[in-house]
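Participant: Let me begin by handing over the structure; questions about it come next.
The values are calculated or read from the model by the stated rules, or taken from the named source; none is laboratory data. Quantities reported herein were computed from a predicted structural model and do not represent experimental measurements. In this analysis, Cβ positions are derived from the backbone assuming ideal geometry, glycine residues included, and neighbour counts consider all displayed protein chains. Ligands, DNA and RNA are stripped out before the accessible areas are found, and what is left, the full protein with its side chains, is counted by its heavy atoms. Shrake-Rupley method; radii C 1.70, N 1.55, O 1.52, S 1.80 Å.
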Amino acid sequence: MFNALVSLPPRLAATLRRLPVAWVWLAVVSLMLPATACDGEDPPSSVDAGAQMHLEPARLVFHPDTAPIAVDIVNDGKDPLFINNARLEGPDWSSFQITDARTSGIIAPGERATVHIEVDAASLKGPGDARPIVAAGAEPPEPIGPDEYRVGEASLRFSANGAEVSAPIVFEDPPWFGQYFLPALLKILALVMGFIMPLASLLTWLERKQSAMMQDRLGPNMAALGFGKVKLRLWGIPHFIADGVKMLFKEDFIPKYAHRALYSLAPLFAFAPALVVFAIMPFGDAVCYDHLGDVLSQADVDQCADGRGGTALQIAHIDVGLLYYFAIASLATYGTALAGWSSYNKWAILGSLRASAQMISYEVAIGLTIVGALLVYGTLEPHALVRAQMDSYWGIVLQPVGLILFMTAGIAETKRAPFDLPEGESEIIGYFIEYSGMRFGLFFLAEFIEVIFMSAMVATLFLGGWSVPFMGAHGFETAWAAQLFLTMLGLGLTVIGVGAWRASKHGETFGVLLVTVGSLHLFGAAYSLFTGWGTALPHILVIAIGLLTWGAKVFILCWVQLLIRWTLRPADEPGLEGPASAVDRQHRPDGGDRVPHAARGAASHLARFMELRR
Amino acid sequence: MTIGVKKVSLTRTTRDQIFLPAILEGLLTTARHFFKNTLTPGMGDIDTIRYGEPEVDVKDYYPDRFRGVHRLMYREDGSVRCVACMCCSTVCPARCIYIHAEDRRDDQEKAPASFVIDELKCVVCGFCVEACPCDAIRMDTKEHMVPTETREEAVLGKIDLMKRGGPSVAVQGGAAPNYREVAPKRDPRFEHDPQ
């Protein structure tokens, strides 16, 4: 195997020789490949094989206003299932009701039958007549008031083919604070403070660093975190801290004739809607608090989603979700319009007119591109959109043109190049010309938050949100899907790690860490090859994978948006000038591989097109 | 026929009108640069010299003929090589070299009692180095004149100049062979006799 290296390019060969971990993995996999051929057994599952059937959801939670819950009886066995009895048991069985008549019959192998359970909440209302058995010496339970509900418990039992399955039923009236307010607050804090603001700050650095890398420059690399004599450069990432400090200490200048109140409020009007629209964004499936270690079916998770024993990873579950986005996004126009008007500056107000005109007009395009996805998936609610994509195909498969149009209109909506008519940093003056310090910083951050939101929208509408292909709420559909996922992830991490390792001596620690983690993923894939691991994952792991997937999708889409912005309109270069690139490229000594001309290809085409139209 | 005129067809192809292939081409170009610069060792295609960074020695990047701060070379016994011939101070267009001669007391040479260069006046032309017959003054330090707080600090004396200096192995007084022997017997340029 090593002899094959002789014919490889020396650089590649050197890279491969530096990767003993990868060689070990290749050896392990090549040893194990024969083992997979005879791996005919079904992967282990949490479902007891003797029962040959299970219920989805495995646990029913009712609140006073809960709609009837659909329960599926799934035939896991290879024989038809003869259901002869479906009944409710337990202390409060009479408060619940099976509304579906089909409580008996035959279920073919692999098929499922559905019954609906509903609760009669009034019968569980206080004053409670429950007489719980209290152990001697224990405190008796607190009495229940007339407007309160007591906890009701029962169980749903199916018997078929001599076996029996049951699902516990719980009725409770949870406190508003703990059930609704606190989770929502925590989710807002986690999303805003844990994801959006850090990523937006990072984007201020990444925009400069990435454009530098694309244009063969060094970019920001000097800011460092100093601990005594140790200075952590971290590729210049601390620059965003330096920028923040700089903006906070700059003079807070207000023009003499400006409308002081509106001038001060305008940055907030621009900033707040950018954050508020994230309320509808689902960043994961529901979390079930009490079952983090269990393997859950999709029905179990769905039941947790609306607050019954869990919470959906989405701040506001609004049925008109996307309309809410349009409503809030059009409010952002007030920020730009007020900023221009209150500055008492004619260039600012002209810029604000351009900005508000552009933002309003491109919202039409965004709305129309979304319509295709709405027709396919039949819902306006982002969480349901993602679930629909998990059940059928991702939007990028069904609506590829819609994706391109949405991205285009989204870039225009965020007022970034090549749609930067409102600001046009190098040529014309934008609506925030009079702003300085952190007030300007708010406009700047709002722009990056909009970039993040557009990425999240693309991920949600077209790239399946948090979902991983071939993966459901219980884990991967098949073992090979798990192996594919782990291998791709491991290889990606290893490649990036080796890149960081070799790119600079400061990146060595980071690179070694990434290579180690990537190799662990590869070993995980090998482990899955042996054991069929991956088809039944604990709930918390599925949630973690979903969160990371969503974050990765959003980050990559942000990267793509920066790539587009710096490709179609490099800094301080008039985008619509210059000769046609295809012709010009032939005459350049370096074959036109340098960035500006080749990158301006599309803009040059546009210029030619417009010239011909004239 | 005029040379260098290239006729460019301005007909629009479908590819031009779609724009997307060209945009994709541009994205691929920039993405290629991005990944090459981030994932390859060193700095990829980045040519920037990181001037001022502690790990970067700028002298590695300067050409050998770069003219920096002057220095005075010394002989094997440590004495200065300068013989106070005044060639450098004579040729200096800025008149910034001041030499006072003294007797070396070896019955052969003179020596500078003081050798002062006013670096504030110096125009860094390098004529002094060209004029020096004994390889005494050089400008190959690859150092810029550092800013000083007072003018006096920028006036370098013999000791300052010799601190940067080193031993020179050139033979004092010149060891070149007789140019009549070295020069070609017949210069081909004058071979053609007009008569």
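Participant: What figure, in Å² to the nearest 10, do you get for the accessible area of A:Phe406 with a 1.4 Å probe and non-protein molecules left out?
Facilitator: Roll a 1.4 Å probe over it and A:Phe406 shows about 0 Å².
Participant: Go through B:Lys59/B:Lys163; B:Lys7/B:Lys36; A:Lys187/A:Lys229; A:Lys246/A:Lys415 and tell me which ones have a Cα-Cα distance over 29 Å in this structure.
Facilitator: Numbers: B:Lys59/B:Lys163 18 Å; B:Lys7/B:Lys36 36 Å; A:Lys187/A:Lys229 39 Å; A:Lys246/A:Lys415 25 Å.
From B:Lys59/B:Lys163; B:Lys7/B:Lys36; A:Lys187/A:Lys229; A:Lys246/A:Lys415, over 29 Å: B:Lys7/B:Lys36; A:Lys187/A:Lys229.
Participant: Grab the beta carbon distance between B:Ala113 and B:Phe66, set R0 = 30 Å, and tell me the FRET efficiency rounded to 0.05.
Facilitator: 0.45
Participant: Is the shape of region B:74-116 best called rounded, prolate or oblate, per the rule: a/c under 1.5 gives rounded, else a/b larger than b/c gives prolate, else oblate, with a ≥ b ≥ c the square roots of the Cα gyration tensor eigenvalues? Before the final figure, lay out each step's value.
Facilitator: Values: a/c = 2.44, a/b = 1.94, b/c = 1.26.
The shape class here is prolate.
Participant: Next question. Just the number, please: carbon plus sulfur as a percent of the accessible area of region A:486-534, 1.4 Å probe, no ligands or DNA/RNA counted.
Facilitator: Details: 1930 of 2450 Å².
Solvent-exposed carbon and sulfur of region A:486-534 make up 79 percent of the total.
Participant: Mind checking region A:414-502 for GluC sites (Glu not before Pro) that DSSP puts in a loop (not H, G, I, E or B) and that have at most 12 other Cβ atoms within 10 Å? Let's see the in-between values first.
Facilitator: Working: sites: A:Glu423, A:Glu425, A:Glu427, A:Glu434, A:Glu447, A:Glu450, A:Glu477; in loops: A:Glu423, A:Glu425, A:Glu427, A:Glu434, A:Glu477.
Taking region A:414-502 and a limit of 12 other Cβ atoms within 10 Å, the loop GluC sites (Glu not before Pro) found are A:Glu425, A:Glu427.
Participant: Next up: Taking the solvent-accessible surface of protein heavy atoms with a 1.4 Å probe, what is the per residue accessible area of region B:71-173 in Å²? Please list the in-between numbers first.
Facilitator: Numbers: 6020 Å² over 103 residues.
The answer is 58 Å² per residue.
Participant: Can you pull out the buried accessible area for chains A and B, both sides counted, probe 1.4 Å, rounded to the nearest 100 Å²?
Facilitator: Working: alone 31630 and 15210 Å², together 43680 Å².
Chain pair A/B: roughly 3200 Å² of buried accessible area.
Participant: Tell me, what is the FRET efficiency for B:Met86 and A:Val560 to the nearest 0.05, using R0 = 60 angstrom and their Cβ-Cβ distance as r?
Facilitator: Values: r = 70 Å, r/R0 = 1.17.
After rounding to 0.05, the efficiency reads 0.30.
Participant: Work out how much length B:Asp106 to B:Lys163 would gain on full extension: take 0.36 nm times their residue separation and subtract the Cα-Cα distance, in nm to one decimal.
Facilitator: Numbers: separation 57, 0.36 × 57 = 20.52 nm, distance 2.41 nm.
Gain on extension, B:Asp106 to B:Lys163, equals 18.1 nm.
Participant: Calculate the FRET efficiency for A:Thr99 and A:Leu202 from the Cβ-Cβ distance with a Förster distance of 56 Å, rounded to the nearest 0.05. Intermediate results must be reported in sequence, preceding the final value.
Facilitator: On the way: r = 52 Å, r/R0 = 0.93.
Working from the Cβ atoms, E equals 0.60.
Participant: Take the solvent-accessible surface of the protein heavy atoms, probe 1.4 Å, and return the percent of it on region A:145-280 that carbon and sulfur atoms account for. Before the final figure, lay out each step's value.
Facilitator: Numbers: 4880 of 7150 Å².
Of all accessible area on region A:145-280, carbon and sulfur atoms account for 68 percent.
Participant: In region B:88-109, which residues have a backbone nitrogen under 14 Å from the label point lying 7 Å from B:Lys121's Cα in the Cα-to-Cβ direction?
Facilitator: B:88-100
Participant: So, in Å, what gap is there between the alpha-carbon centers of region A:219-278 and region A:358-378?
Facilitator: 33 Å
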